[in-house]
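I have placed the structure first, in the form of structure tokens, so that the comments after it can refer back to it.
The values are calculated or read from the model by the stated rules, or taken from the named source; none is laboratory data. Here the structure is a predicted model, which is why all the values come from computation and not from measurement. All Cβ positions, glycine included, derive from the backbone under ideal geometry; neighbour counts span all protein chains shown. Accessible surface is based on the protein model in full, side chains and every heavy atom, while ligands, DNA and RNA are left aside. Shrake-Rupley method; radii C 1.70, N 1.55, O 1.52, S 1.80 Å.
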Amino acid sequence: MSVTIDTWVRVGAVGDVPLLEGRSVTVDARRVAVFRLPDGWAAIDAVCPHRGGPLGDGLVAERCVTCPLHGRRFDLVTGEQDGGDDVVAVHDVEERDGELWVHLT
Amino acid sequence: MYARPGILVVGGGIAGQAVCEAVRDRDPDVSITLVCGEPHRPYDRVRLGSLLAPEGGDVEALRLRPDTWYEDAGVRVLTGVRVTELDPELGRAALADGTDVVFDHAVLCTGSDPLVPPLDGGGGAHVFRDPADCDAIRAAAAGARRAAVIGGGLLGLEAAHALAKLGCPTTVVHLVDRLMERQLDGPAAALLAPAIERLGVDVRLTHASRAITPTGLVFDDGSELECDLVVVAVGVRPHVELARAAGLEVARGVVVDDRLVTSHPKVLAVGECAEHRGVVHGIVAPIHDQAQVAAQTLAGSPCAYAGSIPTAKLKVMGIDLVTAGAAEGPREVVDAAGDSYRKLVADPDGRVIGAVLLGDARGAELLIDAVRTARETDDPLALLAEASQATAAELPDSAQVCNCNGVCKGAIVEAIREGPLGSTQEVVSVTRAGAGCGSCKPVVSELLKLERDGAAEEPAYLCPCRRLTREQVAQLVREQELTSVGEVAEACGAGRDCGACKPGLAYLVSELQAGRFREERHARFINDRVHANIQNDGTFSVVPRIRGGVVTPDELRRIADVADRYELPMVKITGGQRIDLLGARKEQLPAIWEDLGMPSGHAYAKAVRTVKTCVGTDFCRFGLGDAIAVGIELERAMEGLHTPHKVKSAVSGCPRNCAESYVKDIGLVAVDGGWEIYVGGAAGGTVRKGDLLASVASSDEAIRIALAFLQHYRERAEHLERTYAYLQRVGIDGVREAVLDPAEQAALIERYRIAKAASDPDPWRERDAPVHPRQFAELDGAR
């Protein structure tokens with residue numbers, strides 16, 4: 001489905017993700033969650049390091065997401081856990097001509 | 001990066017994991033390889049008994065860390081392969097699969113093997129050490145008329161209890177004249193045996209087993225116990241073969257010095273395989289002490305391990321038993337009454353060296369700490385009495401307050417001071433103490449109160465980030481006529497920072513504005529975005545509305561068809577008399593709802609749940625009221641309404657209370673000549689009998705009062721405050737006044753009607769009219 005050009009992967013259309021929500025997608029065998037924020041996009045590993053919760057289903061605020069399973073909270077810019085030592089990988093995500101592109105870091 | 005030598009940890013048990021973590025904490029760069037002989041990554045062997053549960057258990061649920069931890073920590077893990085040979089001089093280990101691992105240092109965490117005494121026919125006995133053993137035991141127990149467990153120590157009793165819970169009659173056979181003789185003195189053991197028997201496990205003391213025959217277990221005196229399953233749990237033997245073959249000094253265990261180094265400077269040993277100053281520990285607590293010392297040794301820091309005080313806790317439901325240190329000694333004081341036995345042991349100088357708490361383990365944290373620190377006391381009896389009354393203030397900083405998240409008192413106090421934090425809610429959210437089962441929250445509140453010199457808590461903030469209370473936000477919503485969470489965020493910033501309060505804001509605005517409220521799905525928890533309850537694996541559970549627990553054959557057929565068609569892995573009868581279809585993927589939900597043709601049961605929401613009923617006058621010979629009809633009427637009247645927290649209800653047709661009305665948020669009970677309405681009951685993590693709100697003559701009046709109470713709770717309670725917590729906070733008298741006053745009651749009922757009219761009785765209709773075209777889809781449409 002996805003077309004790979006360089007290392008950027010097209011993951012969907014802009015309209016696929018509602019404002020302040022996340023949706024997940026597999027890129028290179030890795031589950032990535034893409035979030036639509038008031039001022040742009042964010043992408044992080046979709047699996048919570050605590051117990052594997054789906055971060056794409058979390059509650060989203062302006063720059064963080066809260067895991068729906070046990071409430072671990074991660075910064076969408078740095079990937080760092082709020083109030084803990086866990087970190088999730090942060091990936092590049094861009095909007096081009098109405099399409100969403102992800103680049104794993 | 002793994003190619004360069006580093007640290008090799010041999011053994012993937014609790015000790016191996018603890019060593020990996022302690023080493024990584026001190027050195028982010030050193031290469032670590034963990035070799036696990038079992039086909040699993042490290043799991044919590046202490047909770048092995050849970051794998052004997054009737055439905056089977058998943059060792060994955062016992063995992064100490066998720067896969068991502070190893071990835072993030074840069075720990076290379078090999079599973080299902082054993083180290084067959086260790087060459088300390090060359091720094092090389094050979095693995096069973098023919099490969100080699102090189103190392104600068106190796107840490108042996110090889111643990112122990114179950115000890116099996118010489119028995120004729122002993123090959124037919126089961127041991128209880130790993131998940132495969134549990135599977136074998138459960139399978140054998142399925143057809144067994146009786147099981148025998150040889151060994152009345154900690155492990156044996158836990159195994160016996162698990163077998164009894166499987167429904168298999170079980171006998172514990174013990175060689176000596178008292179249970180747990182390593183931890184208990186005679187009187188405590190004498191109390192423990194009947195307590196174990198009350199749980200359905202027979203106890204046979206002073207019985208030496210000689211042989212296992214096809215019909216049972218034969219003892220030295222020639223007598224026999226008929227059984228078709230024998231589990232041996234008499235102790236463990238350190239696993240030392242690898243060390244011995246490598247030329248390391250081995251006594252009972254692998255001999256280590258105070259730095260946990262073996263006779264070869266490149267090799268350390270930690271846990272049940274290690275022998276330190278002649279002692280081999282077979283319990284979990286010393287492992288963590290040892291892992292810390294081993295990591296310090298490897299990091300080149302000066303350190304010394306002086307041994308650990310053995311502590312034990314029997315993990316058998318219904319028996320409180322905690323021991324620390326010696327059970328007997330030069331000075332002993334005992335406080336025994338009925339089924340409880342509390343003992344403190346001191347040395348001749350008055351230093352505490354042991355404690356036994358059975359049947360009443362109050363103050364255990366404080367007493368364990370007293371044993372650990374060899375606290376001096378002139379009056380041990382006073383210390384014992386004081387511990388049972390111990391408040392949070394007297395707990396030592398090292399005492400663990402929250403067992404779910406492993407938070408000690410010191411960390412909580414530090415967080416309160418650093419914050420500074422002003423409410424229990426803040427402390428829970430910062431420290432995570434109380435965020436698990438919540439049972440330690442009273443201690444957390446007590447610590448907060450102490451730190452604030454007894455000052456009242458700051459108000460519970462609806463939005464802690466912006467320090468806004470529910471009342472402050474409500475005032476803003478009313479004044480500015482705000483109709484959505486987005487407008488509230490714009491007006492005062494609430495919900496923008498961490499977002500956790502958005503569902504609370506959504507509830508508040510919907511409650512205040514009723515029909516004018518504008519839904520924004522980003523403000524809802526995932527359950528309320530897809531109208532199903534998220535499960536630990538990211539799938540969802542589906543619970544259709546089954547009013548009063550009454551279901552038609554046709555509905556049952558449709559439910560069965562859906563379970564088959566969508567290959568749902570489990571169909572479960574719930575505690576609320578409904579049917580739960582588990583394991584549905586998000587994108588399957590709309591089709592499942594369509595095929596069910598039943599409305600949503602709101603089982604996923606902070607909303608009115610089910611109304612449980614008994615058969616009442618329809619069939620029951622004791623029934624005084626028509627519980628089913630009244631329950632269904634009540635459920636219809638309440639369904640679809642969202643609430644500050646979930647609301648569970650029940651209607652019982654007589655005071656025998658078969659529908660458990662006394663322990664529901666709202667419970668109706670038919671009595672001779674009328675109905676009683678109970679509110680604020682609970683039977684979850686907190687158990688509380690509801691308060692009697694009113695006794696009335698007719699079911700119509702009872703329903704009306706129940707609805708008035710529901711509306712009162714909807715308007716007054718804090719977000720996520722259950723009715724029992726609300727009633728404990730404000731008291732039943734005030735609630736009674738508000739709900740029973742005729743004018744106020746009429747006003748409450750009027751506001752209830754408006755809210756009910758604005759509510760969505762079946763959000764599952766979004767299958768035909770989704771709020772967003774991709775409401776139920778991931779980007780790639782499949783997981």
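Counting only residues 5 or more places away or on other chains, whose amide H sits under 5 Å from the amide H of B:E85 once H atoms are built in the peptide plane?
Answer set, sorted by chain and number: B:A94.
Calculate how steeply helix B:186-198 sits against the longest principal axis of the alpha-carbon atoms of chain B, using the helix alpha-carbon long axis, and give the answer as 0 to 90 degrees to the nearest 10.
Its long axis makes an angle of about 50 degrees.
What list of ³J(HN,Hα) values in whole Hz, one per residue of region B:137-149 in order, does the Karplus curve 6.51 cos²θ - 1.76 cosθ + 1.60 (θ = phi - 60°) give from phi, with Gly and Pro shown as x?
5, 4, 5, 5, 5, 4, x, 7, 7, 8, 10, 10, 10
How far is helix B:699-716 tilted, in degrees, relative to the longest principal axis of the Cα atoms in chain B, given as a value from 0 to 90 rounded to the nearest 10?
70 degrees
Exactly which GluC sites (Glu not before Pro) in region B:262-359 are in a DSSP loop and have at most 13 other Cβ atoms within 10 Å?
B:E328
Output the antiparallel fraction of DSSP beta bridges having both residues in chain B, as a percent to the nearest 5.
Among the beta bridges of chain B, antiparallel pairing accounts for roughly 65 percent.
Roll a 1.4 angstrom probe over the protein heavy atoms and tell me the percent of accessible area of region B:237-352 that is carbon or sulfur.
C and S fraction of accessible area: 51 percent.
Amide H to amide H, which residues 5 or more places from B:V203 or on other chains are under 5 Å from it, using H placed in the peptide plane?
Sorted by chain and number, the residues that satisfy this are B:V172.
Which translational diffusion coefficient, to the nearest whole µm²/s, is obtained for the protein assembly as shown from the Stokes-Einstein equation, given a Kirkwood hydrodynamic radius over C-alpha pairs, 25 °C and 0.890 mPa s?
80 µm²/s
Checking buried surface per residue: for region B:516-541, which residues lose a minimum of 20 Å² accessible area in the protein assembly relative to the chain alone (1.4 Å probe)?
At a threshold of 20 Å² (probe 1.4 Å), the residues of region B:516-541 that become less exposed are B:H522, B:F525, B:I526, B:R529, B:I534, B:N536.
For region B:575-622 and region B:323-361, what is the separation of their C-alpha centers, rounded to whole Å?
Each part reduced to its Cα centre gives a spacing of 51 Å.
Taking both sides together, what accessible area is buried at the A/B interface, probe 1.4 Å, expressed in Å² and rounded to the nearest 100?
Protein heavy atoms only, the A-B interface buries about 2800 Å².
How would you order B:554-564, A:44-54 from highest to lowest mean count of nearby Cβ atoms within 10 Å?
A:44-54, B:554-564
Please compute the modelled spin-label separation between A:H103 and A:R30, points set 7 Å along Cα→Cβ, answer in nm with one decimal.
Result for the modelled spin labels: 1.3 nm.
Give me the inter-chain shielding for B:177-189: mean count of other chain Cβ atoms within 10 Å, whole number please.
0
I'd like to compare B:695-707, B:384-396: which one has the highest average count of other Cβ atoms within 10 Å, and what's the full order after that?
Put in order of decreasing packing, that is B:695-707, B:384-396.
Which residues among region B:498-512 fall inside the zone where the amide N is under 16 Å from a point 7 Å beyond the Cα of A:E62, along Cα→Cβ?
It comes to B:498-502, nothing else.
Averaging sequence separations of C-alpha pairs under 8 Å and six or more residues apart, then dividing by the length of region B:362-503, give the relative contact order as a whole percent.
Values: 156 pairs, mean separation 21.0, N = 142.
The normalised contact order for region B:362-503 reaches 15 percent.
What's the Cα-based Rg to Rh of chain B, Rh via Kirkwood?
Expressed as Rg/Rh, it is 1.00.
Would you mind giving the average projected area, over all directions, of the Cα convex hull of region A:4-103 in nm² with one decimal? List each step's numbers first, then the result.
Numbers: hull surface 23.5 nm².
Mean orientational projected area (region A:4-103, Cα hull): 5.9 nm².
Before rounding to the nearest 500, sum -39500 (n - 2.57) across all DSSP H runs of length at least 4 in the protein assembly as shown and divide by the residue total; then give [θ] at 222 nm in deg cm²/dmol.
Result for the protein assembly as shown, helices only: -8500 deg cm²/dmol.
At 37 °C and a viscosity of 0.692 mPa s, what translational diffusion coefficient does Stokes-Einstein give for region B:320-390, taking Rh as the Kirkwood radius over Cα pairs? Give it in µm²/s as a whole number.
The diffusion coefficient I find is 286 µm²/s.
Of B:H719, B:A560, B:A139, which is farthest towards the positive pole of chain B's charge dipole, taken about the Cα centre with +1 and -1 on the beta-carbons of Lys, Arg and Asp, Glu respectively?
Among B:H719, B:A560, B:A139, the one farthest towards the positive end of the dipole of chain B is B:A560.
Antiparallel versus total DSSP beta bridges in the protein assembly as shown: what percent is that, nearest 5?
Among the beta bridges of the protein assembly as shown, antiparallel pairing accounts for roughly 70 percent.
Just to be sure I follow: if Rg is taken over the C-alpha atoms of region B:443-583 and Rh is the Kirkwood radius over the same atoms, what is Rg/Rh?
1.13
As an exercise, find the ratio Rg/Rh for region B:608-758 from alpha-carbon atoms, using the Kirkwood inverse-distance average for Rh.
Details: Rg = 14.1 Å, Rh = 15.0 Å.
Using Cα coordinates only, the ratio equals 0.94.
When the accessible area of region B:122-234 is split by element with a 1.4 Å probe, what percent falls to carbon and sulfur?
Of the solvent-accessible surface of region B:122-234, carbon and sulfur hold 52 percent.
Just the number please: accessible area per residue for the protein assembly as shown, 1.4 Å probe, all protein chains included, in Å².
43 Å²
If I stretch the segment between B:M570 and B:V671 completely, what's the gain in nm (0.36 nm per residue apart, minus their alpha carbon distance), one decimal?
Details: separation 101, 0.36 × 101 = 36.36 nm, distance 3.86 nm.
Full extension from B:M570 to B:V671 adds 32.5 nm.
Determine how many Å³ per residue the convex hull of the Cα atoms of region B:245-388 encloses.
129 Å³
Bin by bin, in steps of 5 Å, what percent of the Cα pairs in region B:122-234 do you find, going until the bin that has the longest distance?
Spelled out bin by bin, region B:122-234 gives 2, 13, 25, 25, 19, 11, 3, 0 percent.
Quick one: if you stick a label point 7 Å off each Cα along the C-beta vector at B:L556 and B:E89, how many nm between them?
Rounded to a tenth, the inter-label distance reads 7.6 nm.
Per-residue counts of other Cβ atoms within 10 Å, averaged by peptide: what ranking do you get for A:94-103, B:622-631, highest first?
Numbers: A:94-103: 14.9, B:622-631: 22.4.
Listed from highest to lowest mean packing, they are B:622-631, A:94-103.
With the full set of protein chains in place, find how many percent of the accessible area of region B:463-524 is carbon and sulfur; take the probe as 1.4 Å.
For region B:463-524, the apolar C and S fraction of the accessible surface comes to 43 percent.
Relative contact order, percent, of chain B when contacts are C-alpha pairs under 8 Å separated by at least 6 residues?
6 percent
Could you tell me which of the pairs B:K449/B:K502; B:K315/B:K689; B:K165/B:K343; B:K165/B:K502; B:K313/B:K441 are separated by over 32 angstrom between their Cα atoms in the structure shown? Let's see the in-between values first.
Details: B:K449/B:K502 28 Å; B:K315/B:K689 27 Å; B:K165/B:K343 30 Å; B:K165/B:K502 43 Å; B:K313/B:K441 22 Å.
Violating the 32 Å limit, Cα to Cα: B:K165/B:K502.
Once Rh for region B:215-257 is found with the Kirkwood sum over Cα pairs, what is the Stokes-Einstein diffusion coefficient at 25 °C and 0.890 mPa s, in µm²/s?
Details: Rh = 13.7 Å.
Rounded to a whole number, D works out at 179 µm²/s.
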